Every structure is written in structure tokens, then in C-alpha cells.
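Taking it in order: structure first as C-alpha cells, then the write-up.
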Amino acid sequence: MTTNWEVWVSALLTLGAYSILFSENKFFQLVEHIFVGVGAGFAVVVNYYSIVNKGIKPMTGKGEWWLIIPLLIGVMLFGRFVKGMAWITRIPISLLVGIGVALALRGAVQAELVQQISANFINVVGKTPGATINNLVMVVGTIGTIMYFFFTYKQTPIVMAGSAVGKWIMMVAFGAAFGNAVQGRISLLISRLQYLFGTWIHLIPTK
Amino acid sequence: MKRELPLGITAVVGFLFLVQYFFKIAILKSMTDELTDWGTIVSAFAALLAAAGLYKIHLEKIARRKGPWEMSIVLVLVMTAFIIFGVFLGQKSAPYLFLSNQVLVPLSAAIFSLLIFYIGSAAFRAFRLRNLEAGLLLGSGFLVMLGRAPIGEVVWKKFPVIADWLMKWPNLAGNRGVLIGASIGSIAIGLRILVGIDRGHLGQD
Amino acid sequence: MNVLRNLDRRVIYVLLFLLVLYPLVKPMGLPVSVGPWTQGSFDYINNLKAGDLVVVSFDYSSGGAPDVDPQAVVVVKHLFKKGVRIVGTAFVDQGVLFANKVFDAWQKQGKKPGVDFVNLGYLAGGETAVAAFGNNPLKAFPKDNNGNDTASMPIMQGVKTAADFKLIAAFATGAPGPSEWVRQVVTKYKTPYMAGLVTVMAPGAEPYLQSKQMIGLLAGLRGAAEYETALKEPGTAAAGMDAQSMGHVVIIVFVILGNILYLLDKPKKAKA
């Protein structure tokens with residue numbers, strides 16, 4: 001077992017987190033609040049340095065005076081803490097929304113809509129029967145999935161058949177997502193077990 | 001003024017970006033590049049605002065002795081200490097590195113790993129083969145799990161091949177359909193926000 | 001059977017905990033084969049030349065780091081072994097912690113900051129920040145993580161846009177992930193892009209792989225283990241693969257047992 005006190009702290013915090021599995025308790029509550037505290041504290045520090053390196057230093061050191069504008073707009077976010085000034089928060093929010101929405105919108109048209117649809121426009125008949133089946137699954141499955149979301153369209157037999165195929169394809173995709181979710185969460189548990197039983201109590205041989 | 005100015009900013013900024021996309025005008029490009037940079041600076045303030053909100057909530061709890069207020073003291077102390085270490089002692093200082101690497105990192109992994117226990121419990125109690133759809137979901141989940149774990153390969157060499165096929169074709173089709181649908185939705189909502197029809201982000205008066 | 005029907009959830013938790021732990025204490029040494037996703041990434045990196053410039057983006061938080069960090073570690077190892085120069089970024093705040101760890105370790109082994117690599121640190125803004133970086137990396141990061149000017153660094157000479165990089169390898173646990181990188185950088189600058197993702201995000205990346213908007217993908221700890229196998233340097237990820245297998249088996253057995261009980265109880269419920 002290690003004598004490094006820092007490892008002990010990490011290990012005990014991990015045990016505190018796992019204690020919730022048995023019942024709600026004070027130890028977990030403590031760990032939970034520490035977790036939120038460190039997470040928020042960390043965010044403040046890195047974002048503070050982001051502002052300094054990105055805004056303040058270029059403004060004062062390189063003469064990029066116009067950076068005072070985004071810095072002031074950023075400060076306006078805190079208007080909500082001043083009585084009667086809450087509305088001023090809307091200015092930075094509207095700027096962020098304008099930039100974010102426009103960037104995502106123009107990106108989505110080309111990168112997602114055009115390229116994804118054109119990737120589906122293929123010659124379905126492949127070089128082998130297997131390739132043809134794969135292509136069919138892709139083309140019919142994609143169209144079926146889109147048809148499943150035709151809520152306002154008249155439900156003709158073709159639309160209903162398409163959306164049934166879409167539903168099955170989505171179920172297979174969700175199953176794959178479930179399998180992957182299990183896999184990912186087990187990795188997290190493995191890392192904690194390696195820490196508890198390797199780094200902390202040396203039961204697992206560490207390299 | 002209180003609503004029109006923000007709506008105007010969103011619309012003007014948004015359309016600048018859209019016009020720049022279709023017409024390659026040098027001045028517009030430098031304007032939108034500069035605005036994108038501004039966006040990163042303002043976003044950093046947004047993260048500080050979130051922390052300020054957290055302070056407000058927990059200081060109020062402490063003042064009113066509300067709920068588990070002793071825990072709020074811990075939260076405020078830890079958060080304040082972290083900020084002081086990071087800003088005044090620097091990101092390479094020992095106490096800052098301790099709180100980052102020995103508290104934040106392991107604790108996050110531990111809290112997020114709790115989910116596997118709940119998945120385990122749900123696997124036993126909730127995942128039922130009730131109909132065809134549930135069968136497809138479970139079957140595909142099983143095959144992916146077997147194919148993506150080394151043991152599946154030892155049991156039957158074809159498990160990874162089947163898992164790869166499931167991921168590469170039916171999963172592709174399902175995800176592509178959703179992606180295309182979602183992008184159409186996001187384009188529509190984006191346009192509604194830019195022209196001021198959707199204004200939820202501005203909050204209530 | 002009644003014991004199973006009334007099984008306390010905590011028994012399930014303990015079983016899961018112990019069964020995943022067992023192969024870590026007593027490894028079985030199951031083989032890990034390299035899948036097509038990982039192979040694509042490995043081959044691309046293996047064909048890079050010494051001196052090529054690539055971006056490694058640490059866009060992951062601590063919550064998903066055990067799934068993604070081993071990928072970043074092994075990919076950086078491969079890149080440095082090939083003599084490739086690395087521009088490190090983080091578009092998720094906690095990513096900077098992992099970037100620091102990786103680059104500090106390599107600096108101790110002789111890699112020079114500003115020449116062989118630069119750790120640019122964190123830039124706020126998510127998708128907006130990714131776009132800013134793509135448009136002008138030097139303007140997006142005027143300073144590196146230590147506050148040094150980036151414009152004067154040898155590694156950043158000649159970098160104008162994201163098109164000047166031979167590859168972007170971005171490791172993500174959420175946003176910005178493949179959607180954001182493809183929307184803002186890949187489509188515009190045609191830079192080859194590979195992702196390392198938490199496993200749960202991997203199925204969603206498949207459309208981008210098939211449309212060749214991505215050149216490769218590492219999915220979770222398994223992806224890292226496969227990469228370690230391809231590189232012939234098994235590390236922490238490969239060591240976890242036996243436990244991964246056991247975890248999957250346990251979940252499958254739980255589902256099967258639960259369904260056996262369900263089928264046994266079904267006729268009774270129908271009668272009632």
C-alpha cells in the first residue's frame with residue numbers, strides 16, 4: 001500500500017463517490033460538493049487565462065486596442081447581478097448566438113446536408129452480392145430513417161413501410177450505441193480499479 | 001431598445017457571416033474572422049458568469065442556513081482556494097496541480113463511472129425482449145459488445161466481423177438519417193433565430 | 001428463482017465490481033486485433049514524414065478521460081517517434097490538463113517547446129473557437145499555454161490557416177467533436193481529420209467516415225489498445241482489455257438472466 005498522501009486523497013474521494021451505490025450518505029454529499037467546487041474553480045482559472053492571453057495581453061502589449069470591445073461585451077454578461085441592468089446581458093448573448101448560429105448553419109449546409117446526401121448517391125449494385133446488400137442497407141436504411149420523421153406528411157402505405165424500415169434500422173443503431181455505451185463506462189470503472197487496486201494498494205501489478 | 005438592440009445584433013452578425021460565405025469579399029472575411037475571435041473572448045466570460053452564479057446560490061444557502069449548507073461552505077472554500085492557487089500561484093504551482101490531478105481528474109472519472117453500475121442493474125431489471133424492436137436493439141447491442149471485447153473474438157472469430165458490419169452499415173444508415181434530419185432542423189431553427197422569430201435566448205422581460 | 005427475483009441492486013453492483021476487478025489482478029492475456037477504423041488512423045500517421053506539422057487537439061474532460069486519454073498518449077508517441085511536429089490545442093477547458101501532462105513528459109525526453117511542439121492551451125467558445133483556429137491559428141492563439149508569443153516560434157512559421165497542417169487528430173468526449181471539426185475546418189480547409197472518441201460517440205461518427213470526411217477513428221479504450229497493438233507497444237489500454245471483456249460478459253449475462261425471469265413470469269402475469 002502506498003504511503004503517498006496525495007494518492008490516499010484520490011483513493012478516498014473515489015470511495016466516497018462509490019458510497020452512493022449503497023445509500024445516500026454524508027460522505028457522498030461531501031465528495032459531490034468538492035467535485036462541483038473543483039470543477040467550477042478550474043473553469044474559472046483556465047477561462048481567466050484565456051481572457052488574459054487572448055484579449056488583455058494582445059491589447060496592452062501589441063496595441064490591438066479594438067479588443068477592448070469584446071472585453072467590455074464580455075463584462076456586460078455580469079449585468080444580471082446589477083438591479084435594473086439585467087437586460088444588458090442580452091447584448092453578449094445575442095452576439096454569441098449570432099456568431100454560433102451562423103457558423104453552425106453555414107457549416108451544416110455543406111458538411112452535413114450536401115456531403116451526407118451525396119455520399120448516399122451511389123451505384124447500389126456493387127462488385128459482389130455482399131457489397132450490393134451493404135449498399136442497399138445504407139441507402140434504404142437512410143431514406144427509411146428520414147421517412148420515420150415525416151410527421152406532417154400523409155401516411156400512405158409507402159411512407160408507412162419506409163418508416164417501419166427506418167424504425168428497425170434505428171433500433172439496430174441504438175443497440176450499437178448501447179453496446180458502445182457499456183464499453184465506454186466499463187473503461188471508466190477499469191481506470192478507477194487500476195488506481196484503487198494498483199496505485200493505491202498495489203494488488204494489481206503496475207508497470 | 002432592450003429587445004430590439006440584441007435582436008438587431010444577432011441578425012446583423014448572422015447575415016454578415018452568411019453573405020461572406022456566398023460572396024468572397026476580403027473585407028467581409030476579415031470582419032467575420034475578427035468577430036469569430038471576439039466570440040471566443042466573450043465565451044470565456046460566460047464561463048466566469050457560470051461560476052459567479054454558483055457562488056451566488058451557495059452563499060445564499062449558507063446565509064439562510066438552507067439545505068445541507070455546511071456542504072455549501074466546503075464547495076465555496078474549495079472553489080475559492082482553487083481560483084486563488086491558479087490565478088496567484090500559477091498553473092504550475094503544487095497546490096493547483098494537486099487539486100487538478102489528484103482531486104478533479106480522479107473524482108470526475110469516479111462519478112462518471114457510477115453509470116456502469118446503474119446500467120448493470122438496468123440490464124437485469126429493465127431490458128426485456130418484449131417485441132421485435134426490443135429484439136433488434138438487444139441483438140445488435142449483444143453482437144457489438146461481443147465483437148468489441150477480446151473475449152468475443154476468442155469464442156468465435158466472426159464476432160468482430162459482425163460487429164464491424166453492424167457499425168458500418170445499419171448503424172451508418174440510422175445515424176446518417178438522423179444527421180440529415182437534424183441538420184435540416186438546425187438550419188431551420190438557425191434561420192428563425194437570425195430573423196428574430198425564435199427569441200428564447202433573450203429570456204423574459 | 002425467488003432469490004433472483006428479489007435480488008438487491010447492491011448485489012449486482014458488488015458482482016460487477018468484483019468480476020471486472022478479477023482479470024486486472026489475474027490477467028488472461030486475451031489477444032487484441034486491430035480493427036479497420038484504427039488501422040486507417042495508424043496507416044495515415046505511419047506515412048507522415050519527419051518534420052510534417054500536425055494538430056493534436058485535447059478536447060476531452062476528466063469524466064471521459066480514461067476512455068480517451070490513452071488514445072492521445074499513444075498517438076502522440078507515434079507522431080513524435082516519426083519526427084512529426086505537433087501543435088497541441090484544447091477546446092474543452094479540462095483538456096489542457098492532459099495536454100500539459102503529455103507534453104511535459106515529452107519535454108523531459110528532449111522534445112523542444114516551440115520547435116518540436118507547442119502547447120497552445122485552451123481557447124473558449126466551442127465550435128466558434130474551432131472555427132477561429134481554422135481561420136487563423138496564430139490569431140486564435142496569440143500566446144501559448146505558458147504565455148509566450150506564438151508568432152515568433154519556429155514551429156508556427158508559415159502557418160496561416162488549418163490547411164497548413166498535414167493532419168488534425170482531435171480527441172473528444174463531447175462538443176467540439178466530429179460535427180464541429182467537420183463543419184468548421186475539414187469542409188473549408190480540406191485538412192485530413194481523424195478523431196479519438198469516447199466509445200459512446202463512435203457510432204455517430206460513422207457517417208463521416210463513410211463519406212471520407214474523416215480518415216480514421218479510435219473508439220474508446222479499445223481503440224487505444226488496438227493502436228498500441230498496431231504500434232507493437234502495449235500500454236495501459238491493452239492491460240485493461242481483459243477486464244473490458246469481463247465487463248461485457250457480465251452485462252450480457254445480466255440481460256439474459258433478467259429475460260429468463262421475464263419469460264418465466266409472463267404466463268403467470270397473463271393469467272392474473
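The criterion of at least 1 residues that are under 20 Å from the mean Cα position of the chain (by Cα) is met, among helices (runs of 4 or more DSSP H) falling completely within segment C:1-69, by C:36-46.
Of B:68, B:95, all but one fail to be at pLDDT 95 or above and either aromatic (Phe, Trp, Tyr) or within 30 Å of residue A:191 (Cβ to Cβ) (or both); the exception is B:95. Confirm whether residue A:25 is more than 7 Å from chain B (Cβ to nearest Cβ) and at negative phi. When the stated conditions are applied, residue A:25 passes them. Kindly indicate whether any position in segment A:38-52 is within 28 Å of the chain's Cα centre (by Cα), in contact (Cβ under 8 Å) with a residue 12 or more places away in the chain and in a helix (DSSP H, G or I). Yes, there is a match, as at least one residue in segment A:38-52 is within 28 Å of the chain's Cα centre (by Cα), in contact (Cβ under 8 Å) with a residue 12 or more places away in the chain and in a helix (DSSP H, G or I). Among the residues of segment C:228-242, are any modelled with pLDDT of 95 or more, more than 8 Å from chain A (Cβ to nearest Cβ), closer than 25 Å to residue C:67 by Cα and surrounded by 24 or more Cβ atoms within 10 Å (Cβ to Cβ)? Checking segment C:228-242: at least one residue is modelled with pLDDT of 95 or more, more than 8 Å from chain A (Cβ to nearest Cβ), closer than 25 Å to residue C:67 by Cα and surrounded by 24 or more Cβ atoms within 10 Å (Cβ to Cβ). If you go through segment A:163-177 and keep only what is within 7 Å of chain B (Cβ to nearest Cβ) and not aromatic (Phe, Trp, Tyr), you end up with A:166, A:167, A:169, A:170, A:171, A:172, A:173, A:175, A:176. Across segment A:147-164, the number of residues qualifying as surrounded by fewer than 19 Cβ atoms within 10 Å (Cβ to Cβ) and either closer than 19 Å to residue C:204 by Cα or hydroxyl-bearing (Ser, Thr, Tyr) (or both) comes to 4. Within segment C:206-224, residues that are assigned to a helix (DSSP H, G or I) sit with their Cβ atoms under 7 Å from residues that are buried (at least 22 other Cβ atoms within 10 Å of the Cβ) and charged (D, E, K, R), at 6+ positions apart or across chains, in these pairs: C:207/B:176; C:220/C:67; C:221/C:67; C:222/B:148. Residue A:113 meets all of the listed conditions (1) within 30 Å of residue B:40 (Cβ to Cβ); (2) touching a residue at least 40 places away in the same chain (Cβ under 8 Å); (3) not charged (D, E, K, R) but one, namely (2). Residue count for segment A:182-205 under the criterion of being closer than 20 Å to residue B:150 by Cβ and within 7 Å of chain B (Cβ to nearest Cβ): the result is 7. Looking at segment A:60-76, is at least one residue within 26 Å of the chain's Cα centre (by Cα), modelled with pLDDT of 95 or more, surrounded by 14 or more Cβ atoms within 10 Å (Cβ to Cβ) and at negative phi? Yes: one or more hits.
If you go through segment A:103-162 and pick out every residue that is aromatic (Phe, Trp, Tyr), outside any helix (DSSP H, G or I) and within 12 Å of another protein chain (Cβ to nearest Cβ), you end up with 4.
Summed over segment C:156-178, the residues that are under 14 Å from residue C:59 (Cβ atoms) and either surrounded by fewer than 24 Cβ atoms within 10 Å (Cβ to Cβ) or in contact (Cβ under 8 Å) with a residue 60 or more places away in the chain (or both) give a count of 10.
The residues of segment B:160-205 that are under 30 Å from residue B:9 (Cβ atoms) and surrounded by 21 or more Cβ atoms within 10 Å (Cβ to Cβ), listed by number, are B:183, B:190, B:193, B:194.
In segment B:109-159, of all residues being aliphatic (A, V, I, L, M) and not in a helix (DSSP H, G or I), the one that is modelled with the lowest pLDDT corresponds to B:126.
Among the conditions (1) over 30 Å from residue B:135 (Cα atoms); (2) in a helix (DSSP H, G or I); (3) in contact with a Leu (Cβ under 9 Å, 6 or more places away or on another chain), residue C:250 misses just one, which is (1).
The condition of being farther than 21 Å from residue A:39 by Cα and assigned by TED's automatic domain parsing to the domain that holds residue C:183 holds for only one of C:145, C:100, C:135, that being C:135.
Scanning segment A:15-38 for residues that are in contact with a Ser or Thr (Cβ under 9 Å, 6 or more places away or on another chain) and farther than 19 Å from residue B:80 by Cβ yields A:17, A:18, A:25, A:27, A:28. Exactly one residue out of B:56, B:66, B:157 is under 29 Å from the mean Cα position of the chain (by Cα), surrounded by fewer than 16 Cβ atoms within 10 Å (Cβ to Cβ) and either within 30 Å of residue C:11 (Cβ to Cβ) or without any contact (Cβ under 8 Å) to a residue 12 or more places away in the chain (or both), and it is B:56.
I'm trying to understand the selection: among the residues of segment B:118-132, which are at the interface with chain A (Cβ under 8 Å from one of its Cβ atoms) and either basic (Lys, Arg) or more than 29 Å from the chain's Cα centre (by Cα) (or both)? Matches in segment B:118-132: B:132 only. From the list B:66, B:61, the one residue that fits, being more than 8 Å from chain A (Cβ to nearest Cβ), part of a helix (DSSP H, G or I) and closer than 30 Å to residue A:82 by Cα, is B:61. Pairs linking a residue in segment B:95-107 that is at positive phi and free of Cβ contacts under 8 Å to residues at least 60 places away in the same chain to a residue that is buried (at least 24 other Cβ atoms within 10 Å of the Cβ) and assigned to a helix (DSSP H, G or I), with Cβ atoms under 9 Å and 6 or more positions apart or on different chains, do not occur. So, in segment C:131-155, of the ones that are free of Cβ contacts under 8 Å to residues at least 24 places away in the same chain and hydrophobic (A, V, I, L, M, F, W, C), which residue ends up nearest to the other protein chains (Cβ to nearest Cβ)? It comes out as C:132.
Quick check: anything in segment C:71-83 part of a strand (DSSP E or B), among the polar types (S, T, N, Q), assigned by TED's automatic domain parsing to the domain that holds residue C:174 and under 21 Å from residue C:174 (Cβ atoms)?
No, because not a single residue in segment C:71-83 is part of a strand (DSSP E or B), among the polar types (S, T, N, Q), assigned by TED's automatic domain parsing to the domain that holds residue C:174 and under 21 Å from residue C:174 (Cβ atoms).
The values are calculated or read from the model by the stated rules, or taken from the named source; none is laboratory data. Every value quoted in this text rests on a predicted model; they were computed, and no experiment measured them. Ideal geometry is used to build each Cβ from the backbone, glycine not excepted, and the neighbour counts take in all protein chains shown.
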